[in-house]
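Colleague: I have a structure I would like to understand better, so I am pasting it below and will then ask my questions one at a time.
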Amino acid sequence: MAELELPQRQAPDALMLTGFWYRALPSDRVHRQRLHKATLLEVPLAIGRDRMGQPFALRDACPHRGMPLNCGCFDGENLECSYHGWQFDVHNGQCQLIPSLTSDQNLKVDRIYAGSYPCEEQDGFVWVYIADPGLPGAGFGPPAEAPDAAPQVEKFSPKYKLAYLQAEMPVSIDHGIIGLMDPAHGPFVHQAWWWRSRHSIHEKKKNFEPIPNGFRMSAHTPSSNSAPYKLLRLYANADSITTTIDFVLPNLRTETIRAGKYWFSSLTTVTPITRNQCRIDVVAAWNIFRWMPLGTELLKFVFAKFVEQDRRTMELQAEGLQHNPHLMLIDDADRPAKWYFQLKAAHLEAKRTGKEMKHPMPGPVTLKWRS
Ligand code: FES
Ligand SMILES: [Fe+2]
């Protein structure tokens, strides 16, 4: 059944979900006492670390006259705007000093705030919580509280390796995400002589189930499509290997592969930068190959290849999308994409009404496709 759905016709303000944690920058690119620029959901940010190494994120615009704060002077504690020297506490944005004030002018400096965002470091990334926007035209106050901690890659033993990869893609968050969960592009996009060709297409059947804010491809013995699976098979009996893949709003894809005491786990995010640009970050943790010097390199090589193939595809797709073509999603191969749009709509509806979110999946579902 070819039910039409039009990802391009989402309301523009529904494109990017606020009220969630997003990956901003890899930790190793954020240095002490320096300021770095980043953009999340079209919000310009100045990100840095204080003297103690604690990261922070400010809106990259001075509340006085809009000068980018990343051009300011940072002493490891307060940030001084480069235009008129107003100083701000980097962790809560509170104004500390306005140099132009005379002793008889009693402007309440401490009631002025630069925009600031909850900021945490997790698995080699600085995460920033982008709260729902305040009333239009209102200035900034103290930072919002994040309702929970930033997401983590799940680990199953005390010792493991961790690596990340990222790629920017010139498409909206929706195309980035549905590209990530799309089961049918593999044989066409991810061809390699050492991997598979389009001749290896065969029918697949997978069970899915609803989970809070998302859906799960239930634990199963993986078909031979996943890179870590091929590597794990060198270590463990093929039947003992199980994989579980979760998608959770706004942008989290978790893949867990377990084979006895060996495991591989990844948390991939697609982060909206602007409405036409997103970035994919794959952070993986594993305990196979820890003893083998080339193991990490091998795994990184395989993943880099995949991510580059996806990036290149979306770069080309962006050319086609420029003129706003009609698009369609088909069953069953695009059903995860449909669930994504339905989850997003249900989430926004729950927020609007204050009622509990109505999950779009009534219960477990089996999908079939060829790939
Ligand atoms: S613009 Fe920042 S102090 Fe004036
Ligand atoms: Fe892909």
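Colleague: Based on Cα coordinates alone, diagonalise the gyration tensor for region 270-371, multiply each eigenvalue by 5, take square roots, and list the semi-axes in whole Å, largest first.
Modeller: Output for region 270-371: semi-axes of 32, 21, 17 Å.
Colleague: Next up: Looking only at H326, H175, H36, which one moves most when the chain is put into a Gaussian network model with springs between Cα atoms under 10 Å?
Modeller: H326
Colleague: With +1 on the Cβ of every Lys and Arg and -1 on the Cβ of every Asp and Glu, and nothing else charged, how large is the dipole of the chain about its Cα centre, in debye rounded to the nearest 20?
Modeller: 1120
Colleague: In a Gaussian network model over the chain where Cα atoms closer than 10 Å are linked, find which of P99, P143, P118 has the largest mean-square fluctuation.
Modeller: Comparing P99, P143, P118 in the GNM, the peak value goes to P99.
Colleague: What is the Cα coordinate range of region 22-148 on the first, second and third principal axes, sorted by size from largest, in whole angstrom?
Modeller: Computed over region 22-148, the largest-to-smallest principal extents equal 50, 32, 22 Å.
Colleague: Can you check how the C-alpha radius of gyration of the chain compares to 2.2 N^0.38 Å, as a plain ratio?
Modeller: The chain yields a ratio of 1.09.
Colleague: Follow-up question, since we're still on this one. Over 18 Å between C-alpha atoms is what I'm after, so list which of K204/K305; K230/K300; K37/K300; K161/K300; K305/K338; K230/K305 land there.
Modeller: Result: K204/K305; K37/K300; K305/K338 exceed 18 Å.
Colleague: At 1.4 Å probe size, with the rest of the protein present, what percent of the exposed accessible area of the chain is carbon and sulfur atoms?
Modeller: 52
Colleague: So, for the chain, what is the accessible surface per residue at a probe of 1.4 Å, expressed in square angstrom?
Modeller: Heavy-atom accessible area per residue stands at 50 Å².
Colleague: If the chain between V365 and K230 were fully stretched, how many nm would it gain, using 0.36 nm times the residue separation less the Cα-Cα distance?
Modeller: Answer, rounded to one decimal: 45.9 nm.
Colleague: Still on this structure, I have one more. Give the accessible area for S103 in Å² (nearest 10); use a 1.4 Å probe, count only protein heavy atoms, and leave out ligands, DNA and RNA.
Modeller: For S103, the solvent-accessible surface is approximately 130 Å².
Colleague: Turning to a different aspect of this structure: Counting alpha carbon pairs within less than 8 Å and at least 6 residues apart, what relative contact order, in whole percent, applies to region 230-270?
Modeller: 32
The values are calculated or read from the model by the stated rules, or taken from the named source; none is laboratory data. None of the values given here were measured: they were computed from a predicted structure. Cβ sites come from the backbone with ideal geometry, for glycine too, and all protein chains shown count toward neighbours. These area figures cover heavy atoms from the full protein model, side chains too; ligands, DNA and RNA do not enter into them. Shrake-Rupley method; radii C 1.70, N 1.55, O 1.52, S 1.80 Å.
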